[in-house]
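No value in this document is a laboratory result; all are computed from the given coordinates. Quick caveat, the model's predicted, so the values are computed rather than measured. Quick reminder, even Gly has a Cβ in these numbers, built from the backbone with ideal geometry, and neighbours come from all protein chains shown.
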Amino acid sequence: MAEKAERSGTMTEYFVAQSPDQIASREDLVSQSGYDFMRGILEGRLSAPPISGVLNYRLHSVEEGRVIFRGTPEFCHTNPVGAVHGGWYGTLLDSCMACTVMTMLPAGQVYTTLEFRINITRALPPGMEIEAEDVIQHIGRSTGVARGELRGVEDGRLYATGSTTCLIMDGG
């Protein structure tokens with residue numbers, strides 16, 4: 001699904017993959033730095049992952065060692081008692097923290113999440129736009145560590161924190 005989005009003062013097409021052939025190939029992934037790959041998603045040259053459409057979040061900003069996602073949980077993301085499911089918080093933080101590690105990788109390297117942890121500090125109401133901001137804590141030859149926060153866009157309140165450790169590997 002294409003969406004017009006303003007990124008750094010210019011209008012770009014931001015789209016979410018709707019089929020496997022719209023996802024970047026492994027060759028495309030390893031032929032460029034992680035930062036360039038993430039910029040490709042932000043600028044609409046590459047598709048965003050399907051999970052971002054299902055869970056209603058999107059890449060908002062990319063720098064080396066810092067990534068911001070924005071999203072809004074909806075009723076379909078709630079648990080049986082009507083609260084936003086913890087998996088929504090966790091998936092958004094996992095995505096954002098791992099993408100932060102990705103921005104630090106040179107061409108030819110890939111990553112996978114080894115572990116992540118989240119701490120929910122308060123209930124997030126459905127319909128409230130949030131921002132996930134994540135920063136790199138460590139990047140080494142074999143691991144990357146990032147931490148992040150979920151905050152309300154309008155109220156600035158902290159809704160969750162997280163940390164991740166990613167395994168860094170050769171992509172060839």
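Run a plain Debye calculation on the range 59-155 (Cα atoms as equal point scatterers, no solvent) and give log10 I(q)/I(0) at q = 0.11, 0.13, 0.25 Å⁻¹, rounded to two decimals, same order as the q list. Relative scattering, expressed as log10 I(q)/I(0), comes to -0.34, -0.46, -1.29. Here the chain is treated with +1 on each Lys and Arg Cβ and -1 on each Asp and Glu Cβ, and its dipole about the Cα centre works out to around 300 debye. Distance between the 7 Å Cα→Cβ label points at V135 and L167: 2.9 nm.
A Gaussian network model of the chain, with springs between Cα atoms under 10 Å, assigns the largest mean-square fluctuation among G127, G71, G44 to G127. Would you mind checking the tilt of helix 86-102 against the longest principal axis of the Cα atoms of the chain, expressed as 0 to 90 degrees and rounded to 10? Around 30 degrees separate the two axes. Other residues lying with their Cβ under 15 Å from the Cβ of G86 contribute a combined charge of +1, Lys and Arg counting +1, Asp and Glu -1. Springs between Cα atoms under 10 Å define the GNM used for the chain, and in it the highest mean-square fluctuation of E133, E64, E149 occurs at E64. Modelled spin-label separation between V81 and S61, with each label point placed 7 Å from Cα along the Cα-to-Cβ direction: 3.5 nm.
Among P126, P20, P73, the residue with the largest mean-square fluctuation in a Gaussian network model of the chain, with springs joining Cα atoms closer than 10 Å, is P20.
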